[in-house]
Amino acid sequence: MNEENIKKQVGIIKSVLYKNLMENYVPFQIDRDIASRWAKPLNVPRGGKTILYTSFMYQMGSLFKSYEKYIPTFGSLGSSRIISSIGSKLIRAKSEDIQRAGKILSNIYNILRRYDPDLGYLYEDEPYSGALLYEMGFLEEFNNYGRKLMEFFKKKGVERIITVDPHTTNSLNNMKKSIGFSIPFVSYLNVIQDVRGEGKFVFHDSCLYSRFLGMYNDIRATIKNTGVVLVEDPTVTGIGNGFCCGAPVGPVDSRLSDRIAQSRADNLKTLNENILVACPLCYANLSPFGHVVDIAEVIS
Amino acid sequence: MTWSDVITKVSADNQREVDRVLENFPYIVDMANHLREQKLEVIGNFDKYIRKTMESVERVRGHAYMAKNKEEARRIVGEIVGEKKTVVFAKTNVAYEIGLRDYLKNMNNEVWETDLGEFLVQITKGWPTHIVEPALDLTALEAAKAVHELDHSINEKSSIDEIVAAVRKFLMSKYIKADFGITGANAVAADSGSVALVENEGNIRMDTVLPQNHIAITGIDKIVPTMRDAMDEVMVQAAYAGIFPPTYVNVTTGPSSTADIEMKRVSPATGPKNFNLVLIDDGRMEASQNEEMKEALLCIKCGRCYFSCPVYRIMGKEWVNTRSPYNGPTGVMWNYLTNKDPWPAEYCMHSGGCREVCPMKINIPEIIKNIKFIASNL
């Protein structure tokens, strides 16, 4: 490993990420109107006591990878130029990615609306969870941002949060432990019942859901109850031997991230050609190497 | 075979084998749980258990030393061994940690690794790829080419059996003339002063019996309260390494001795006349006083976490640098602990399998997260 490069990149990520979050509630520039447009045709209530919290994860899934490619370039700039360069760098998501994210979020919302017709959404005001700060080990910054995030939700009158992705759920869980994040939250996968689905897949676990949030068995039960068939082999999908898609190492080494993704996809494909995921970052990382679909694309 | 083929196969084999072992020998899980408690007891009271261990070793006519750091440990062993000796090494990670092999070689000693994998790493001038299987990344062809330099009957067409037989023959000549056998320890029992070692090749048995001097060098983290705990550690390590039952378990308590004539204890008998235990701190004591790090000291070096880790599965030995024999998830902890190098932690992507497969239930991702935090504040 190249320690010098890593040192440089970690420093850049820390300063840029924290600055963006504290100023704008997002890790990098995104078009918030486009990202929240999916909710308008459904007339999703704006705000409310219980909200669907996307944290822009499905909308930004592919963008994380795009920004990662720029980090080594920024490393050759002076620190003041890094901030301005990244600030001016608005990478737009591809329209098919936005459409796909919209379909997934619409489907999740439509399912959840059956249990709570008043379920709301913060639209373009929605903040990012700060998951990256935690995952990069920027723990003081994570706690500072967490306090700001909790204050934000309280001002909006939010009393319960339903998350749609593992990184956000894990982030809130860690904020609960480290700063006493007091707003109750739950993953939509732990809410949905009586949902139908079809198809035969190999399930690629989200590390965070299955190995950090204790959902390894629950998530399988939820999937199987829909009628979806999962192909299992403990050496590939077991809790100890199943492994990450590679996305979290992307900001530090995007090439390594891709190599891990390919290895994981190859590993999964020994069981079935169709790979099922529960996380937008797993989708973004694995989909170049196989046929990947999200749970929310096979249930209704 | 490519590295990817090898690691995928070995990882799956380990998973299947450990599952089989735990099904057929279910008491291993109870042993592991008990061992964790016993090791926590030692980690919380290092001073007491170091003292007790050293007293026990002296009581059985051995010599015990305590080294604060790598330099002191090298010096102690160097003074015991001296110059122009033949030294046979059993696979010992602590020896790598302190750079002992090169140190003794530079003192004009003839030094040979005797574990087959470690021997191949030595003669190819490589670095261990895995803590239990050091030559995991070496193909049969590469092994044949390396062994050919020592035994010209081995060539590219030689079978694995022939390569192993050639190394066996070569090493036998070294065991016979060796002055010192240097081993690590899977566990050291504080109450008896015994060193317990587990293996399958038989080389450790040779290293600890044929030379007239045995030096065991190990970290203070390998101390356990009792002989029973030492046997537990040996069995648990073998089971989770996926090699159970082990072929050999070696227990050494001081130098060889006999009381066969008039019940008078005389030493030496057939085996070594000197037994030396060198304990090393090298960051372990400091870690024991740090709530966020101390669980790392529970590691029994079974190497199972390597297989569950996506970074190791891609990078192999290129991940953690060659200042450390410890790689994979536990290596990130141990490289920090012994070298204060936090940077390999930045590659950890909290896959979390390491915690799931660890027999000591070490929360490895949590420790690595804290090391990342340290790195990000440097």
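The values are calculated or read from the model by the stated rules, or taken from the named source; none is laboratory data. Note that the structure is predicted; figures quoted are calculated from it, not measured. Methodologically, a virtual Cβ is constructed for each residue, glycine included, from the backbone with ideal geometry; neighbour enumeration extends over all protein chains shown. Accessible surface areas use protein heavy atoms only, side chains included; no ligands, DNA or RNA. Shrake-Rupley method; radii C 1.70, N 1.55, O 1.52, S 1.80 Å.
Among the candidates B:Glu55, B:Glu37, the residue that is modelled with pLDDT of 95 or more, open to solvent by 60 Å² or more (accessible area, probe 1.4 Å) and closer than 24 Å to B:Ile215 by Cα is uniquely B:Glu55.
Set side by side, the residues B:Ser308, B:Ser324, B:Ser288 differ, and just one is more than 14 Å from every other protein chain (Cβ to nearest Cβ), touching a helix residue (DSSP H, G or I) at 6+ places or on another chain (Cβ under 6 Å) and under 25 Å from B:Val234 (Cα atoms), which is B:Ser288.
Every residue, every condition in (1) buried (at least 19 other Cβ atoms within 10 Å of the Cβ); (2) modelled with pLDDT of 95 or more; (3) under 20 Å from B:Phe180 (Cβ atoms), yes or no:
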| residue | (1), (2), (3) |
| --- | --- |
| B:Arg205 | no, yes, yes |
| B:Ala216 | yes, yes, yes |
| B:Ile220 | yes, yes, no |
| B:Thr226 | no, yes, no |
| B:Val234 | yes, yes, no |
| B:Gln237 | yes, yes, no |
| B:Thr247 | no, yes, no |
| B:Val251 | no, yes, yes |
| B:Pro255 | yes, yes, yes |
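Applying the criterion of being surrounded by fewer than 14 Cβ atoms within 10 Å (Cβ to Cβ) and closer than 14 Å to A:Lys200 by Cβ to the residues of region A:211-228, the residue that is nearest to the other protein chains (Cβ to nearest Cβ) is A:Lys224. Against the conditions (1) in a helix (DSSP H, G or I); (2) open to solvent by less than 10 Å² (accessible area, probe 1.4 Å), A:Ser55 satisfies every one except (1).
Confirm whether B:Leu104 is part of a helix (DSSP H, G or I) and over 21 Å from B:Ala67 (Cα atoms).
Values: part of a helix (DSSP H, G or I): yes; over 21 Å from B:Ala67 (Cα atoms): no.
No.
Scanning region B:352-366 for residues that are closer than 19 Å to B:Trp319 by Cα and open to solvent by less than 10 Å² (accessible area, probe 1.4 Å), we see that the one that is nearest to the other protein chains (Cβ to nearest Cβ) is B:Gly352. When each of B:Lys48, B:Lys105 is tested for being open to solvent by 70 Å² or more (accessible area, probe 1.4 Å), free of Cβ contacts under 8 Å to residues at least 24 places away in the same chain and touching a strand residue (DSSP E or B) at 6+ places or on another chain (Cβ under 6 Å), the lone residue that passes is B:Lys105.
Inspect all residues belonging to region A:178-188 and state whether any of them is of a type in the set (S, T, N, Q), part of a helix (DSSP H, G or I) and not assigned by TED's automatic domain parsing to the domain that holds A:Gly238. Talk me through it step by step, then tell me what you get.
Applying the first criterion (of a type in the set (S, T, N, Q)) to region A:178-188 yields A:178, A:182, A:187.
Still in the list and also part of a helix (DSSP H, G or I): A:178.
Adding the requirement that they be not assigned by TED's automatic domain parsing to the domain that holds A:Gly238 leaves A:178.
Looking through region A:178-188, at least one residue is of a type in the set (S, T, N, Q), part of a helix (DSSP H, G or I) and not assigned by TED's automatic domain parsing to the domain that holds A:Gly238.
Quickly run through region A:229-243 and pick out the residues that are at the interface with chain B (Cβ under 9 Å from one of its Cβ atoms), in a loop (DSSP other than H, G, I, E, B) and either open to solvent by 20 Å² or more (accessible area, probe 1.4 Å) or touching a Lys or Arg at 6+ places or on another chain (Cβ under 7 Å) (or both).
Of all residues in region A:229-243, those at the interface with chain B (Cβ under 9 Å from one of its Cβ atoms) come to A:233-236, A:238-243.
Those left that are additionally in a loop (DSSP other than H, G, I, E, B): A:233, A:238-243.
Answer for region A:229-243, where residues must be at the interface with chain B (Cβ under 9 Å from one of its Cβ atoms), in a loop (DSSP other than H, G, I, E, B) and either open to solvent by 20 Å² or more (accessible area, probe 1.4 Å) or touching a Lys or Arg at 6+ places or on another chain (Cβ under 7 Å) (or both): A:Asp233, A:Ile239, A:Phe243.
Considering only residues in region A:244-268 that are assigned to a helix (DSSP H, G or I) and touching a Cys at 6+ places or on another chain (Cβ under 7 Å), the one that is nearest to the other protein chains (Cβ to nearest Cβ) turns out to be A:Ile260.
Of the residues that make up region A:151-161, is at least one closer than 25 Å to A:Ala284 by Cβ and either surrounded by fewer than 21 Cβ atoms within 10 Å (Cβ to Cβ) or among the β-branched types (Val, Ile, Thr) (or both)? The answer is yes; a qualifying residue exists.
When residues in region B:293-305 are screened for being within 17 Å of the chain's Cα centre (by Cα) and either under 19 Å from B:Glu118 (Cα atoms) or away from chain A (no Cβ under 11 Å) (or both), 9 of them pass. Restricting B:Glu58, B:Glu118 to residues that are free of Cβ contacts under 8 Å to residues at least 40 places away in the same chain and of a type in the set (Asp, Glu) narrows the list to B:Glu118.
With respect to (1) under 22 Å from the mean Cα position of the chain (by Cα); (2) open to solvent by 40 Å² or more (accessible area, probe 1.4 Å); (3) more than 9 Å from chain B (Cβ to nearest Cβ), the lone exception for A:Lys200 is condition (1). Among the residues of region B:330-337, is there at least one that is surrounded by 22 or more Cβ atoms within 10 Å (Cβ to Cβ), within 23 Å of A:Cys207 (Cβ to Cβ), within 14 Å of another protein chain (Cβ to nearest Cβ) and touching a residue at least 60 places away in the same chain (Cβ under 8 Å)? Checking region B:330-337: at least one residue is surrounded by 22 or more Cβ atoms within 10 Å (Cβ to Cβ), within 23 Å of A:Cys207 (Cβ to Cβ), within 14 Å of another protein chain (Cβ to nearest Cβ) and touching a residue at least 60 places away in the same chain (Cβ under 8 Å).
Output the residues belonging to region B:58-69 that are of a type outside the set (Lys, Arg) and either in a helix (DSSP H, G or I) or open to solvent by less than 20 Å² (accessible area, probe 1.4 Å) (or both). Those that are of a type outside the set (Lys, Arg) and either in a helix (DSSP H, G or I) or open to solvent by less than 20 Å² (accessible area, probe 1.4 Å) (or both): B:Glu58, B:Gly62, B:Ala64, B:Ala67.
Answer yes if at least one residue in region A:206-213 is more than 26 Å from A:Leu133 (Cα to Cα) and of a type outside the set (S, T, N, Q), and no otherwise. No, region A:206-213 contains no residue that is more than 26 Å from A:Leu133 (Cα to Cα) and of a type outside the set (S, T, N, Q). Take the residues in region A:1-50 that are surrounded by fewer than 18 Cβ atoms within 10 Å (Cβ to Cβ) and touching a Gly at 6+ places or on another chain (Cβ under 6 Å); name whichever of them is farthest from the other protein chains (Cβ to nearest Cβ). That would be A:Pro45.
Return the residue satisfying two criteria in turn: it lies in region B:74-102 and is small (Gly, Ala, Ser) and closer than 16 Å to B:Tyr326 by Cβ, and of such residues it is surrounded by the most Cβ atoms within 10 Å (Cβ to Cβ).
Our first condition is that a residue be small (Gly, Ala, Ser); within region B:74-102, this holds for B:78, B:82, B:90, B:95, B:99.
Adding the requirement that they be closer than 16 Å to B:Tyr326 by Cβ leaves B:95, B:99.
Working: B:Ala95: 28, B:Gly99: 15.
Result: B:Ala95.
When region A:111-143 is examined, which residues are found to be in contact (Cβ under 8 Å) with a residue 40 or more places away in the chain, in a helix (DSSP H, G or I) and within 14 Å of chain B (Cβ to nearest Cβ)? A:Ala131, A:Leu132, A:Leu133, A:Tyr134, A:Glu135, A:Glu141, listed by residue number.
What are the residues in region A:269-281 that are open to solvent by less than 10 Å² (accessible area, probe 1.4 Å) and either within 12 Å of chain B (Cβ to nearest Cβ) or outside any helix (DSSP H, G or I) (or both), if any?
Pass one, region A:269-281, residues open to solvent by less than 10 Å² (accessible area, probe 1.4 Å): A:275-280.
Those that are open to solvent by less than 10 Å² (accessible area, probe 1.4 Å) and either within 12 Å of chain B (Cβ to nearest Cβ) or outside any helix (DSSP H, G or I) (or both): A:Ile275, A:Leu276, A:Val277, A:Ala278, A:Cys279.
Rundown of residues vs (1) under 30 Å from B:Met172 (Cβ atoms); (2) within 14 Å of chain A (Cβ to nearest Cβ), yes/no style:
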| position | (1), (2) |
| --- | --- |
| B:Ser11 | no, yes |
| B:Asn14 | no, yes |
| B:Val18 | no, yes |
| B:Ala32 | no, no |
| B:Thr53 | no, no |
| B:Ala64 | no, no |
| B:Ile76 | yes, no |
| B:Glu79 | yes, no |
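Does A:Ile192 satisfy being away from chain B (no Cβ under 14 Å), in a loop (DSSP other than H, G, I, E, B) and within 20 Å of A:Phe56 (Cα to Cα)? Judged against the criteria, A:Ile192 is not a match.
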